[in-house]
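See below for the structure under consideration.
The values are calculated or read from the model by the stated rules, or taken from the named source; none is laboratory data. Worth saying up front: this structure is predicted, and the values here are computed from it rather than measured. We place every Cβ from the backbone using ideal geometry, glycine too, and count neighbours over all the protein chains shown.
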Amino acid sequence: MPGSSTLVGVHPRYRWEQPPTCGTVETMPPRDVVTQGSAPSTAIAASAVEVAKEYGAGDTAVHALRGVSIDFPAGEFTAIMGPSGSGKSTLMHCLAGLDTPSAGTVRIGDTDLTGLGDKAMTELRRDRIGFVFQSFNLVPTLTARENITLPCDIAGRDVDQQWMDTVVSRLGLAARLEHRPSELSGGQQQRVACARALVGRPAIIFGDEPTGNLDSRSSAEVMSILRAATDEFGQTVVIVTHDPRAASFADRVVFLADGQIVNELRDPDADGVFEVMRHLDDNGVVNGSADGDSRSGALADEDQ
Ligand SMILES: Nc1ncnc2c1ncn2[C@@H]1O[C@H](COP(=O)(O)OP(=O)(O)OP(=O)(O)O)[C@@H](O)[C@H]1O
Ligand SMILES: [Mg+2]
C-alpha cells in the first residue's frame, strides 16, 4: 500500500513479546462486563438501532446520521472510518451518551440510553465507558497523572497501580506524569487521554481518532494497547480513525458515508481498508461498483 511503510514490523495481530508484568491483572475481566444470555459470544456491549441525528431544522438541517443500526459485540475491536463529515464523531457521541439521537435507540449493554435521567447517564458514563475525545479534553489545571486517574478518583475507586504502570510505560508517559497538559506535546496529551480511558478498565472504550496526532511508533503503541484491552482484558473497543494502518488492528472496520453505514470489512488488513476508502466517495457510493459489500469482500480476499 502506498505510504504504508511507517508501521513496518507491526502486524495487525501485534502482541506484546513479553507478557505484561501485571500478572494478576491479566485474569481480571473489565468492570461491568455486560452479558446477554449465557454465551459470551452473543454479549452485546453497545448497539444502535435506526439512529438518526439532525442538527438544525428546515432547509438548513444537517442530517449527520440517517438511520444507523449496528451492534458492538463484547470483547471486539471495531474501527469506524469514513470521509470527513460522514457522521463518525456524531455516532460515537450518541453511543457514549454524550449526545442525544433525534430518533432511534442506543444501548450500552442492555441499558437503553433513551430517556435515561442525567444522574443515571452520568453514572453509566463514569462506570462503564472510557472516552478518548478528538480534542483530548484534559483538565488544564491537573497533572498528567491526575488527569489519568480522574475517572477513578471521581468514582471513588482505587487505581490498579500495576495496570496504571503498564499503561503509562507502554504509552511512554512515565517521565511526563507530573506535568500539566500545557507542558506536554500534542501527541503526549493524546496519549494521556488514552491512558485516562484505559486505566479504569471500563467495559467499553470509545476513541475518536485516538492516534490522530501521533507519529507511527506512538500510534502503534496506542493501537497495540487497545488491542491488548480486548485480547487480554475482554474490553470492547470502538475507535474512529482515518488511518488504514491503525484500522488494521481492529477485528472489523465499519465504513460510514453521508450518515449511513455503507460497508464493513472483517479481519482487515491495511491494504484492504485503503482500497475501500479509496473507492468510497462522500455520498457513500463505492466508485466503479454498485455493490459495496461484494467489492470489499473481493478486495479483502485478494489481499489475503
Ligand atoms: N453541533 C453541530 N451543529 C451543526 N452541525 C453539526 C454539529 N456537529 C456536527 N455537525 C455536522 O454533522 C456532520 C457530521 O459531523 P461529524 O463531526 O460527526 O463528522 P466526522 O465524520 O466525525 O468528521 P471528521 O472526520 O471531520 O471528524 C457534519 O456535516 C458536521 O458539520
Ligand atoms: Mg470527527
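Side notes on the structure shown:
- Filter result for R157 (at pLDDT below 95 and either closer than 16 Å to V238 by Cα or within 16 Å of ligand 2 (Cβ to nearest atom) (or both)): no
- Candidate set: region 88-103, residues that are more than 25 Å from A229 (Cβ to Cβ) and not hydrophobic (A, V, I, L, M, F, W, C); chosen: the one farthest from the chain's Cα centre (by Cα): S102
- Filter result (more than 16 Å from ligand 2 (Cβ to nearest atom), in a strand (DSSP E or B) and of a type in the set (S, T, Y)) within region 41-87: S47, S69
- Here is the figure for region 61-90: residues that are of a type in the set (S, T, N, Q) and within 9 Å of ligand 1 (Cβ to nearest atom) total 4.
- Residue satisfying all of: in region 88-131; crowded, with 20+ Cβ neighbours inside 10 Å, in contact (Cβ under 8 Å) with a residue 24 or more places away in the chain and part of a loop (DSSP other than H, G, I, E, B); nearest to ligand 2 (Cβ to nearest atom) among these: A96
- Residue in region 54-71 that is under 19 Å from the mean Cα position of the chain (by Cα), under 27 Å from P151 (Cβ atoms) and surrounded by fewer than 20 Cβ atoms within 10 Å (Cβ to Cβ) present: yes
- In region 205-254, residue nearest to I70 (Cα to Cα) [restricted to those that are more than 16 Å from ligand 2 (Cβ to nearest atom) and aromatic (F, W, Y)]: F249
- E146 meets the conditions (1) without any contact (Cβ under 8 Å) to a residue 12 or more places away in the chain; (2) within 16 Å of ligand 1 (Cβ to nearest atom) in every case but one. The failed one is (2).
- Region 138-194, residues that are of a type in the set (D, E, K, R), under 16 Å from M223 (Cα atoms) and surrounded by fewer than 21 Cβ atoms within 10 Å (Cβ to Cβ): R170
- Residue within region 31-43 that is at pLDDT 90 or above and under 30 Å from D118 (Cα atoms) present: yes
- Among residues of region 151-183, those that are touching a residue at least 40 places away in the same chain (Cβ under 8 Å), hydrophobic (A, V, I, L, M, F, W, C) and part of a helix (DSSP H, G or I), counted: 4
- Pair list, Cβ under 9 Å, 6 or more apart: region 55-67 residue touching a residue at least 60 places away in the same chain (Cβ under 8 Å) and among the small types (G, A, S), other residue within 16 Å of ligand 2 (Cβ to nearest atom) and in a helix (DSSP H, G or I): A64/S89; A64/T90; A64/L91
- Any hit, region 132-144, residues being assigned to a helix (DSSP H, G or I), away from ligand 2 (no atom under 16 Å from the Cβ), at pLDDT 95 or above and within 24 Å of S169 (Cα to Cα): yes
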